[in-house]
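Single-structure report; data block below.
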Amino acid sequence: MVMWVRGCVWLMLCCLCAPAMAANVELRVSGHKLQVGQVAELRVVVTEQRPNSVPQVLVPQSGLNLQYVGQGSQVNTYNGRTTRIYTFNYRIEALAEGTFQIGPAQVRLGNDTLKTRTVNLKVNPRVQMSGDMLEAFAHWDVEEAWVGQVILYQRGLRSRKKLRGDRWSDLPKEGVGFLNDGKPKYSEFMIADPEGDIYNKQETFPWIALVPGTYKAPPGILRVDVVVGREGRGFFVRHKTRKEVLSVEHKPLVIKELPPAPPGFSGLVGDFKVRSEISTSEATVGASIPWVLEVEGKGSLENFDWSIEKDQKGARVYDGTPSVSGAVIDGSYFALARFEQVIVPTQPGTLALPSQKIITFSPTKGEYVTHDISIPSMKIEKGVAQDGTFTSFVDHLTRPEEFQQTPSYEGVRPPYATGATYAKVWGHWMPWLAFLTGMPMLFWLLLSGWNVLSEWNRKRLAARVPKEPDILTQLNRLPEQGDARLAALESLLMRAHRQAGLAVDEEIQKEQSELMALIHSVRFGGKRATDDLDARTVDLIRRMTSLRKEAS
Amino acid sequence: MRLLLFWLLSLICAQHALAGAIEEGYALLETGDLEGATELWETALDSGEGSAILHYNLGTAWYRRGNTPRALAHWRMGRVLHPRDANLVHNLAVARSELADVIEPIDSQPPLLQVATVSEWGVLGSLLLGLASLGLWIPLGRRRLGKWPPLATGVVGLVLVWIAISGSQHLENHPGAVVGEEGAFLRKLAARHSDIVSKLPPGTEVGVERVHLGFALVNTSGESRGWIPVGAVFFVGQEWNVHP
């Protein structure tokens, strides 16, 4: 039963979470540089949805050999959100030297087919490597850079030996600065080699060139603990290590000043592409037309903002929330800025917004590049609903992208043609109305409370009155002789008879009446008591007491 | 008795007379006379407690006349009177989206009062209290149900009445306010020449803490707090544009 309930709860959670999640596919390769004969790992990672079949990865006909190994799945929970990840593993073997493009991988998800990006793999000729290879490397990805250009500092190690730990000296920081959006990338992977597996560990730091000049950083120092054997037995076995120190010389880095900037320079340094997209070519006055502008490329987009004048001829343009992201992918830094805006036509006709431009500096070309943003003209009609999406900034001004709605109509709805102008608000009368309707209940509660209190008080007082001893106890405390003894016996006889009640049969009844008459005649009639009167009375009292006990 | 009957009849007649104002204003609006319609509805509003429909129409008229802050205030008042009116909520959202320079609005209408009005909560609570009273006092009901179901109903009724009363108090003592078309300076003290904290653009929705010497102590979603003249804002609470 418990399992069934848990299952239902899990199913409900999955159903609730499902609409908010979108499937994502990714192609990952361990190591982008191989030698002929080496084997790397290739993975296709699918999140949220199980593919219909094993993904198909496109590889060149010759030079590489791809082999499917197996698959696995795992569930990650982060901040209450559950993510299911399906991983498909492949071995990719380098057969010939050259540069190869791997991918895209095609993943069938339901009725859709998703494609991954492609990955470049460079295969070098085979070089004889020592059996105890331990190499370190540290370098900039370029020797010359422009101010504002993103440059990558890469360092790492390759080893055929097992390592227990590694520590690098400080990073070179002269003339460069951190990127807030670009996080360092750390990766560890194994490359299968005919002469023994090679363990690889790489760190890539995206920096931004800031100050012109030539910088020669001090050598990078790597301290590693190399495993050379084992010590101990059973549970107490541990690795025996030897410390080694490796030093790597840095090549000088030259940072150049940018040439004089043309008017309207955006401040962006990098090789970017600009994409502008409007979902519809026809709309009605007052409808909301989403307009997406994406700037993507190798370079930093931090603090980059772009907007168009709000009031345009025939339309108003509203800014959405820009999103900027950046990451190190395949040994290069890529950034993407997405600006979602909404165009609201204000008059019918042909809407042609003026073309815009973004001027950037291309480090590869060494010159300024102008990207034109052409906005296609739209046909605007009056009052007739057209296909399109209406973005309603429901209740809040921030994050309007969460409020996508399908119907389209003029911004503000029309007034009511009929209705009452007068409304009576009962707010002031509410306590009185509630008091009137609730008064009987209140009275009942008071009465019940009074009854409870009275009962409690009665019991409390009754507890104070001393209890009368029971009949048998009183029999033991009878006066020795005389009228006092007879009076006590008479009283006990009456009490025993009263308590016995219906349990008394006719014979006892008769005997009790007889004894009462005898006691009366002795006490008040002047007769003399018979010898057995006392004993008979005590006996009858005892019998009636026992009868009462049996009856109860 | 005759006096009561006369009072009831005159109330019904007055309501019928006012009910025509919506239709008349709408007819003026159809002919393009925005000013005429606004004036007519404003007159109707001045003559009594306006309905949600009246505030909705006034908001729409002011919006078409380009006075978005005033429209916003009327729609908010309309939502106090009829929170489940989808047109009101929609227009309110559209108007808010158009005020691009305005900081995020403070909505002084408690969440439960965005589901039902004070009157609706109160009437429902009172009905439940009445049912509970009947259940406790009528012997047949008492025999069939026992005492606990009516008591539980009564407790729910009490909670609903408490929601109504506290909501009413909240709207009366801490109404919302919408900065008018002129904008307003937020000052440190309730005085004309006090230091300026910031300038609130037209249409800014603020929460009112109290009113003193012709100034209202307000707070904004930007966590700034200060005094603004009561004439520079429209108050939205238990009644239209009445400050505590």
Report summary line: Cβ-Cβ cut-off under 11 Å around A:Gln356, Lys and Arg +1, Asp and Glu -1: the net charge is -1
Query raised in the report: Hey, can you list the DSSP H helices of chain A whose Cα span along the axis is 24 Å or longer and whose average Kyte-Doolittle score is at least -0.5?
Result: A:430-464, A:483-500, A:506-525, A:533-551
Report summary line: For A:Trp146, the residues 5 or more places away or on another chain with a placed amide H closer than 5 Å to its own amide H are A:Lys256
Requested in this report: May I ask you to evaluate 6.51 cos²θ - 1.76 cosθ + 1.60, the Karplus curve with θ = phi - 60°, for each residue of region A:48-57 and list the ³J(HN,Hα) values in order in whole Hz, giving x for glycine and proline?
Outcome: 6, 9, 7, x, 5, 8, 5, x, 9, 9
Requested in this report: Quote the charge dipole size of the protein assembly as shown about the Cα centre in Debye, to the nearest 20; the model charges only the Cβ of Lys and Arg (+1) and of Asp and Glu (-1).
Outcome: 3100
**Report entry** Using θ = phi - 60° and Karplus 6.51 cos²θ - 1.76 cosθ + 1.60, couplings along region A:194-202 (whole Hz; Gly, Pro as x)
**Finding:** x, 9, x, 5, 10, 8, 10, 9, 10
**Report entry** Approximate spin-label separation A:Arg167-A:Leu533, in nm, with each point projected 7 Å along Cα-to-Cβ
**Finding:** 11.7
Report summary line: Quick calc, B:Val156 & B:Arg225: beta-carbon distance into FRET formula, R0 35 Å, rounding 0.05, result 0.40
Query - Relative contact order for region B:66-191, counting Cα pairs under 8 Å that sit 6 or more residues apart, in percent - result: 31
Query raised in the report: On average, how many beta carbons from a partner chain sit within 10 Å of the beta carbon of a residue in B:129-135?
Result: 6
Query raised in the report: Sorted by mean Cβ packing within 10 Å, highest first, what order do the peptides B:163-175, A:476-488 take?
Result: B:163-175, A:476-488
**Report entry** Residues of region A:58-76 with amide N under 15 Å of the 7 Å Cα→Cβ point at A:Ala96
**Finding:** A:59-66
Report summary line: Per-residue average of other protein chain Cβ atoms inside 10 Å, peptide B:161-167 -> 3
Requested in this report: Provide the net charge surrounding A:Pro194, with neighbours chosen by a C-beta distance below 13 Å and charges set as Lys +1, Arg +1, Asp -1, Glu -1.
Outcome: -2
Requested in this report: Taking H placed 1.01 Å from N in the peptide plane, check which residues at least 5 places from A:Val369 or on another chain put their amide H under 5 Å from its amide H.
Outcome: A:Thr360, A:Phe361, A:Ser362
Requested in this report: Step through the residues of region A:170-183 one at a time and calculate ³J(HN,Hα) from phi using the Karplus curve (6.51 cos²θ - 1.76 cosθ + 1.60, θ = phi - 60°), rounding each to whole Hz and writing x for Gly and Pro.
Outcome: 4, 7, x, 10, 6, x, 10, x, 6, 9, 5, 7, x, 8
Requested in this report: Count, for each residue of B:86-98, the Cβ atoms from other chains sitting within 10 Å of its Cβ, then give me the mean as a whole number.
Outcome: 5
Query raised in the report: A:Ser187 to A:Arg460: extension gain in nm, 0.36 nm per residue of separation minus the Cα-Cα distance?
Result: 90.2 nm
Query raised in the report: Going by average Cβ neighbours within 10 Å, how do the peptides A:38-44, B:77-83, A:251-257 rank, with the highest at the top?
Result: B:77-83, A:38-44, A:251-257
Query raised in the report: Normalised by the residues of region A:22-73, what does the relative contact order come to in percent, with Cα pairs under 8 Å and at least six apart?
Result: 33
Query raised in the report: Could you give the nm distance between label points at B:Val242 and A:Ala487, where each point is 7 Å from its Cα heading toward the beta carbon?
Result: 8.4
Query raised in the report: Using mean Cβ contacts within 10 Å as the protection proxy, how do B:40-47, A:322-329 order, highest first?
Result: B:40-47, A:322-329
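A short reminder: the numbers here are calculations on the coordinates, not readings from a lab. What you are looking at is a predicted structure, and each value in this text was computed from that prediction instead of being measured. Quick reminder, even Gly has a Cβ in these numbers, built from the backbone with ideal geometry, and neighbours come from all protein chains shown.
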